[in-house]
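Asker: I have a structure I would like to understand better, so I am pasting it below and will then ask my questions one at a time.
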Amino acid sequence: MPSDFVHLHMHSRFSFGDGACDLDDVIARVLEFGMSALALTDHQGLYGAIRFYRKARTTGLKPILGAEVVVQAAGIPGEESDLPPETRLQLPAGVGSARAAGRGWHLTLLVRDISGYRNLCRLLSRAHIRSADEPSVVSLRDLARCSEGLIALSGCRNGEIGASILAGDLARARGATERLRACFAPGDFYVELSHSLTPDAPRYISDLVSLADSLGLPVVATNDVHYVRPAGFRVHDVLSSAGARMALPGPYDRPNAELYLKSAAEMRALFP
């Protein structure tokens with residue numbers, strides 16, 4: 001049965017140390033669910049983009065290319081270290097590898113057309129080349145200059161907006177939303193909602209929806225997919241632990257196995 005839901009945030013094995021989705025397996029699962037399209041949003045790069053594009057096209061699935069990038073803070077002036085210790089947000093664990101490794105706030109970018117693909121390539125290249133031995137972070141200036149053809153989702157719980165909401169800092173969440181939105185053309189910035197089925201998830205989603213409503217922004221539901229089926233969470237934990245050179249459960253210590261590729265029915269149950 002055809003589905004009107006599409007996953008717009010998915011990490012393959014090309015999200016080194018954080019993704020456990022095999023491309024053939026995830027495409028087959030999406031087709032099994034009757035979905036017409038799928039986005040690939042690996043950390044800090046487009047390493048699997050061409051392979052994913054070709055595999056998807058041969059099955060009739062519409063491939064949506066993208067990436068989850070690390071961006072500088074938008075809700076505060078300056079750096080996190082400039083703030084008093086009691087007001088700082090804890091930065092998420094670093095993502096990416098080698099020259100592309102970055103530690104900062106996550107933002108999901110989707111390619112709308114060829115100009116968007118070129119701009120996403122430019123954004124990633126500039127961040128990685130400029131970084132030298134420092135974390136590879138996309139600047140807000142480059143984001144604004146290279147946003148044509150790109151659609152932005154505000155990010156997962158490791159985005160600045162989401163992290164501010166979880167910390168109860170609604171003013172910073174609003175400031176970050178306004179500044180990030182200004183980097184994109186009208187209608188190209190969405191507030192991303194992901195239901196992690198944790199105790200804080202209902203308040204997190206409610207606050208994000210209220211923020212979006214107050215700013216006249218649309219919302220979009222994702223599941224921040226890291227593995228195809230629930231059992232894949234064990235592989236994901238091992239990968240993330242190995243990537244961070246830490247003992248299990250690794251740098252994320254996620255409390256459940258909900259970051260799998262859910263059906264449209266499962267997503268509708270989360271967002272009635």
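Read the figures in this text as sums done on the coordinates, not as results from a lab. Quick caveat, the model's predicted, so the values are computed rather than measured. Ideal geometry is used to build each Cβ from the backbone, glycine not excepted, and the neighbour counts take in all protein chains shown.
Asker: Between Thr58 and Asp113, what FRET efficiency follows from the Cβ-Cβ distance if R0 is 30 Å, with the result rounded to 0.05?
Answerer: Calculated value: 0.90.
Asker: With a cut-off of 15 Å, note down the residues of the stretch 27-43 whose backbone N falls inside the zone around a label point 7 Å from the Cα of Asn256 toward its beta carbon.
Answerer: Answer for this model: none.
Asker: Of the labelled options [x] 19.1, 60; [y] 17.4, 54; [z] 18.5, 56, which one gives Rg and Dmax of the Cα atoms in Å as computed for this structure?
Answerer: Read-out from the structure maps to [y].
Asker: Taking the alpha carbon gyration tensor of the stretch 38-136, what are the square roots of 5 times its eigenvalues, largest first, to the nearest whole Å?
Answerer: Details: eigenvalues 180, 37, 28 Å².
The three semi-axes for the stretch 38-136 are 30, 14, 12 Å.
Asker: Let me ask something additional. At 0.36 nm per residue, and after removing the present C-alpha to C-alpha distance, how many nm does the segment from Glu148 to Ala37 gain when stretched out fully?
Answerer: 37.8 nm
Asker: GNM, the chain, Cα, under 10 Å: largest mean-square fluctuation among Gly216, Gly104, Gly96?
Answerer: Gly216
Asker: Oh, and also: At a Förster distance of 51 Å, what's the computed FRET efficiency of Ala182 paired with Ala98, Cβ-Cβ distance as r, to 0.05? All intermediate terms of the calculation are to be shown ahead of the outcome.
Answerer: Values: r = 32 Å, r/R0 = 0.63.
Given R0 = 51 Å and the Cβ-Cβ separation, E is 0.95.
Asker: Continuing with the same structure: Subtract the Cα-Cα distance of Ala265 and Ala247 from 0.36 nm times their separation in residues, and report this length gain in nm to one decimal.
Answerer: Numbers: separation 18, 0.36 × 18 = 6.48 nm, distance 3.57 nm.
Computed gain between Ala265 and Ala247 is 2.9 nm.
Asker: Once the mean 1/r over all distinct Cα pairs of the stretch 35-86 is inverted, what Kirkwood radius in angstroms do you read off? Numbers along the way, then the final one.
Answerer: On the way: mean 1/r = 0.0738 Å⁻¹.
This gives a value of 13.6 Å.
Asker: Right, next: Between Cys121 and Asp200, what is the label-point separation in nm under the 7 Å Cα-to-beta-carbon projection?
Answerer: Result: 4.0 nm between the two label points.
Asker: Follow-up question, since we're still on this one. Determine the dipole magnitude for the chain: charges of +1 sit on the beta-carbon of Lys and Arg, -1 on that of Asp and Glu, nothing else is charged, the reference point is the Cα centre, and the result goes in debye to the nearest 20. Numbers along the way, then the final one.
Answerer: On the way: 29 positive and 30 negative charges, 155 e Å.
Once rounded to the nearest 20, the dipole reads 740 debye.
Asker: Rg and Dmax of the stretch 1-59 over Cα atoms: what are they, in angstrom?
Answerer: Using the Cα atoms of the stretch 1-59, the pair Rg, Dmax is 11.2, 34 Å.
Asker: So which residue, out of Pro186, Pro84, Pro249, gets the largest mean-square fluctuation from a GNM of the chain using Cα contacts under 10 Å as springs?
Answerer: Judging by the Gaussian network model, the answer is Pro84.
Asker: Under a crude label model (7 Å from the Cα following the beta-carbon direction), how far is Leu170 from Ser81 in nanometres?
Answerer: Inter-label distance under the simple model: 3.3 nm.
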